[in-house]
Amino acid sequence: VDLLISNFVYEKQGAVKKRVMHYRHCFPTEEVFTWDQVKHMPKGKYLLMHSLIYRTKLLVDCGLELPRHTFYVDNIFVYQPLPHVKSMYYLDVNFYRYFIGRDDQSVNEKVMISRIDQQIYVNKLMIDAYCLPQDVSNKHLARYMLSYLAMICCVTSIMLLISGTPENLEKRRELWQYFKKKYPSMYWRVRLGGRGIVSNPPGKISYGIVVRCYRMAQKIYKFN
């Protein structure tokens, strides 16, 4: 198969309850399947690097090249090969345990803000990769990839909002302008969706509301 999918566990430092990211309501189990057999994937249920094993030849054939000396490229690793995947297999097994909560971790909020230029760079590479849904023939996959891209744009925007510096607020504005100029139709699909609206609150008073909502999601989903 082109892609093997399994569960992973968020092992957050200090947390008693561990959160398992499974896909048993999204994919058939113990059989080879295609994108047409994938059920609706709800918000917050994404395929991350911790749940994927690609066939090596597929990665070579699709020309995947990750930027060197750059953090957050796992998002490119997950996103870019997806249209080349034809067959998949899901193992409902907690294979990978993702240890989070360390202060020095790359996805730690403070560390991420200090490296925000690398996050923006990765975000732009993902915008450049495909014009959705035009470049992806399977409508189920195109819809999922658009949702994934919207999530990444939302994360980048919220990190810039949390920082709150005039420089980073300008970078946030520039990112969305870059998206709009590159692929206007895809931009509006993302911009008018839930994450796009949250990522672009009207006025500084709304910034605080967005950050508080992010804090609530942080507690629910146990991410850094």
If you check Tyr89 against the conditions, is it farther than 20 Å from Ser199 by Cβ, open to solvent by 50 Å² or more (accessible area, probe 1.4 Å) and touching a His at 6+ places or on another chain (Cβ under 8 Å)?
no
One residue from Thr156, Thr165 being of a type outside the set (A, V, I, L, M), within 21 Å of Arg212 (Cβ to Cβ) and either in contact (Cβ under 8 Å) with a residue 60 or more places away in the chain or surrounded by fewer than 17 Cβ atoms within 10 Å (Cβ to Cβ) (or both)
Thr165
Output for the range 128-141, where each listed residue is at pLDDT 95 or above and either among the charged types (D, E, K, R) or buried (at least 20 other Cβ atoms within 10 Å of the Cβ) (or both)
Asp128, Tyr130, Leu132, Asp135
Quick check: is even one residue across the range 128-139 within 24 Å of Ala217 (Cα to Cα) and out of contact with any Ser or Thr (no Cβ under 6 Å at 6 or more places or on another chain)?
no
When only residues in the range 9-56 that are at pLDDT 90 or above and among the charged types (D, E, K, R) count, which is farthest from Val85 (Cα to Cα)?
Arg24
Taking the condition within 17 Å of the chain's Cα centre (by Cα), modelled with pLDDT under 75 and of a type in the set (Ser, Thr, Tyr), does Tyr221 pass?
yes
Specify which of the listed residues (Ser137, Ser185, Ser147, Ser163) is among the polar types (S, T, N, Q) and within 16 Å of the chain's Cα centre (by Cα).
Ser147
Which residue pairs have Cβ atoms closer than 9 Å, lie 6 or more positions apart in sequence or on different chains, and pair a first residue in the range 177-200 that is without any contact (Cβ under 8 Å) to a residue 12 or more places away in the chain and of a type in the set (Lys, Arg) with a second residue that is open to solvent by 30 Å² or more (accessible area, probe 1.4 Å) and outside any loop (DSSP other than H, G, I, E, B)?
Lys180/Trp188; Lys180/Arg191
Given the conditions (1) at positive phi; (2) at pLDDT below 85, which single one is not true for Tyr72?
(2)
Just give me the residues in the range 192-213 being hydrophobic (A, V, I, L, M, F, W, C), buried (at least 17 other Cβ atoms within 10 Å of the Cβ) and at pLDDT 80 or above, in sequence order.
Val198
Unique residue being farther than 17 Å from Leu125 by Cβ and in contact with a Leu (Cβ under 8 Å, 6 or more places away or on another chain) when the list is Leu160, Leu192
Leu160
Sole miss for Met112 among (1) open to solvent by less than 30 Å² (accessible area, probe 1.4 Å); (2) over 23 Å from Arg24 (Cα atoms); (3) aliphatic (A, V, I, L, M); (4) modelled with pLDDT of 95 or more is condition (4)
Examine the range 141-155 for a residue that is charged (D, E, K, R) and outside any helix (DSSP H, G or I), and state whether such a residue exists.
no
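Out of all the residues in the range 162-184, is one or more closer than 30 Å to Val16 by Cα and in a helix (DSSP H, G or I)?
yes
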Suppose the filter is more than 30 Å from Val20 (Cβ to Cβ), of a type in the set (Phe, Trp, Tyr) and open to solvent by 30 Å² or more (accessible area, probe 1.4 Å); does Trp188 pass it?
yes
I need the full set of residues from the range 46-63 which are assigned to a helix (DSSP H, G or I) and either among the β-branched types (Val, Ile, Thr) or open to solvent by 40 Å² or more (accessible area, probe 1.4 Å) (or both), in order please.
Met49, Thr56, Lys57, Val60, Asp61
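The values are calculated or read from the model by the stated rules, or taken from the named source; none is laboratory data. Everything quoted here is computed from the prediction, not taken from an experiment. Neighbour counts are summed over all protein chains in view; Cβ atoms, including those assigned to glycine, are modelled from backbone coordinates with ideal geometry. Just so you know, the surface numbers come from the protein's heavy atoms only, side chains and all, with ligands and any DNA or RNA stripped out. Shrake-Rupley method; radii C 1.70, N 1.55, O 1.52, S 1.80 Å.
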